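Report on the structure given below.
The values are calculated or read from the model by the stated rules, or taken from the named source; none is laboratory data. All figures in this text were calculated on a predicted structure; none of them were measured in a lab. Positions of Cβ are generated from backbone atoms using ideal geometry, with glycine treated the same way; all protein chains shown enter the neighbour counts.
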Amino acid sequence: MNDTFRELKERVRKLDGVLRHGGGLKSLEFAQAMNRVRQLVRKGDRSREPSAELLASLERAETLGRAIVG
């Protein structure tokens, strides 16, 4: 796994924490965005840089997560 993918996985773990602490109950859109990110991570090639689609989906989920946390 390359360093960029490792960093991406850490960002996903932080967002999972928001989701576990009730974020999904507050925003269906956030829960769906996290589901999409997880799908793309599973499908991604960890030996290469993350795809533009994966990075865009992660950024969207982070934006939604920040709106929930405040």
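Hey, does segment 55-62 have a residue that's in contact with a Ser or Thr (Cβ under 7 Å, 6 or more places away or on another chain) and either touching a residue at least 12 places away in the same chain (Cβ under 8 Å) or surrounded by 17 or more Cβ atoms within 10 Å (Cβ to Cβ) (or both)? No.
For segment 1-14, the tally of residues that are closer than 14 Å to Arg60 by Cβ and modelled with pLDDT under 90 stands at 0.
Residue count for segment 15-44 under the criterion of being more than 15 Å from Arg60 (Cβ to Cβ) and among the charged types (D, E, K, R): the result is 5.
Rundown of residues vs (1) surrounded by fewer than 14 Cβ atoms within 10 Å (Cβ to Cβ); (2) in contact (Cβ under 8 Å) with a residue 24 or more places away in the chain, yes/no style:
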residue: Asp3; (1), (2): yes, no
residue: Gly17; (1), (2): yes, no
residue: Lys26; (1), (2): no, yes
residue: Ala31; (1), (2): no, no
residue: Leu40; (1), (2): no, no
residue: Ala52; (1), (2): yes, no
